[in-house]
Amino acid sequence: MLSYRLGGTDGVSVETAKWERALGVLGFSTRRIAGEICGSPRPDDVVLPGLAIDALGGAAAADQLAAALDGADLVVVENICSLPLNAQASFAVSETLARHPGRIVFHHHDLPWQRARFADVRGLPPDHLGALHVVVNDRSRAELAARGTRARTIRNTFDFDAPAGDRARTRAELGFDDEDAVVLQPTRAIPRKNVPGGVRFAEELGALLPDRRVVYWLTGPAEDGYGSELARVMSATALPVVLGRVASAADAYAAADVVVFPSRWEGFGNPVVESVIARRSLAARRYPVLDEILASGLEVFDPDRPAEMAAFLCMPDEAMLDRNVELARREFSVGDLPGRLEAAFAGHGWTAW
């Protein structure tokens, strides 16, 4: 499993871990290679700092990368050759993989032309002979096809049977009162996550709930130089604000009353399904890929219509929440991932290892 960063709470790291477990079900043993590995290290982890998102001189890691990949029957390339956040690293990885004798899966969470600052980048994703390309949404599959690359869609998956988070303990740790209406935005603070839109929704909801204190909670840190803008947005609101993560995502959703997801762009958008699993009402901006998720029949609220969310909080529709869970389970269960990977491999002609 090869990426800029693994083991963290970002979407690529989270989905990579799910693929690792699914590959284990299929009989593979796995190891991680990345510029940065968060959390608890494993004995066979390989950290090559030149591959990190904010590193310089990624090309210098080419020989080390080739040695680390030696003997791998399959290399799953997680976004490092999809989105050139560190272009030197992206191209160094591409060149090394062109000489690798094993099979290669490019797992694309994002593509260069989907971000304005990378729209002019050429040569990514690589067009390596025999490689399997997997995308997380049909929009990306169509865009790759228009550029001459065939890909298969395997959407992100989720554990619908995981234990629920601890609402009481988490709310107590964060100082929330029982009657507080907590609006959770479970994202990092970067421009496309639209933090001002999340704050605005919470403010408008607060005006509609005069008898309850509305608290805005942003879990992720500021990245990509967004720190000063985040500070400005937070200082401009009259709402009480909480910044930072808790022990687990499950605890965050359990402690919240409402989830807001105002992103302008997402390759998939894990909080949409995570909110459903936690049985939390969600206000989601209609970013382009959201329609593919909602095609399963899920119901979400419009952040531009906060009165509907306020009415739901006053009189929750438990049947809608139950229905959302069952519809999402049919489409996005992590238990189906091994079979989907196996089908993708077989469809690519990889029936024996």
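The values are calculated or read from the model by the stated rules, or taken from the named source; none is laboratory data. For clarity, every value in this text was computed on a predicted model and none was experimentally measured. Counting neighbours? That spans all protein chains shown, and the Cβs are built from the backbone with ideal geometry, glycine included. Heads up: the accessible areas ignore ligands, DNA and RNA and are worked out on the full protein's heavy atoms, side chains in. Shrake-Rupley method; radii C 1.70, N 1.55, O 1.52, S 1.80 Å.
The table that follows gives values for the structure above.
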item	result
Residue list for segment 290-321, restricted to those being of a type in the set (D, E, K, R), closer than 15 Å to residue 272 by Cα and open to solvent by 70 Å² or more (accessible area, probe 1.4 Å)	291, 299
Residue match in segment 176-189 (condition: at pLDDT 95 or above, open to solvent by 20 Å² or more (accessible area, probe 1.4 Å) and either part of a helix (DSSP H, G or I) or aliphatic (A, V, I, L, M) (or both))	no
Hits in segment 319-349 (condition: more than 16 Å from residue 25 (Cβ to Cβ) and not in a helix (DSSP H, G or I))	348, 349
Filter result for residue 271 (modelled with pLDDT of 95 or more, crowded, with 16+ Cβ neighbours inside 10 Å and over 17 Å from the mean Cα position of the chain (by Cα))	no
Any hit, segment 342-351, residues being out of contact with any helix residue (DSSP H, G or I) (no Cβ under 7 Å at 6 or more places or on another chain), within 22 Å of residue 286 (Cβ to Cβ) and of a type in the set (A, V, I, L, M)	no
Candidates 84, 112, filtered to the one that is farther than 26 Å from residue 347 by Cβ and at pLDDT 95 or above	84
Matching residues, segment 95-129, being basic (Lys, Arg), over 25 Å from residue 64 (Cβ atoms) and part of a loop (DSSP other than H, G, I, E, B)	115, 122
Every residue from segment 128-150 that is exposed (fewer than 15 other Cβ atoms within 10 Å of the Cβ) and either touching a residue at least 40 places away in the same chain (Cβ under 8 Å) or in contact with a Lys or Arg (Cβ under 9 Å, 6 or more places away or on another chain) (or both)	130, 150
Filter result (aliphatic (A, V, I, L, M), open to solvent by less than 40 Å² (accessible area, probe 1.4 Å) and farther than 19 Å from residue 174 by Cβ) within segment 223-238	233
Considering residues of segment 130-153 that are in a loop (DSSP other than H, G, I, E, B) and closer than 25 Å to residue 86 by Cβ only, the residue nearest to the chain's Cα centre (by Cα)	136
Among (1) at pLDDT 95 or above; (2) not in a helix (DSSP H, G or I), the one test that residue 198 misses	(2)
Residue in segment 16-46 that is least open to solvent (accessible area, probe 1.4 Å), counting only those that are assigned to a loop (DSSP other than H, G, I, E, B), more than 22 Å from residue 270 (Cβ to Cβ) and in contact with a strand residue (DSSP E or B) (Cβ under 8 Å, 6 or more places away or on another chain)	45
Condition check for residue 245: modelled with pLDDT under 95 and either within 18 Å of residue 325 (Cβ to Cβ) or open to solvent by 20 Å² or more (accessible area, probe 1.4 Å) (or both)	yes
Among residues of segment 110-127, those that are surrounded by fewer than 19 Cβ atoms within 10 Å (Cβ to Cβ), among the charged types (D, E, K, R) and touching a Leu at 6+ places or on another chain (Cβ under 8 Å), counted	1
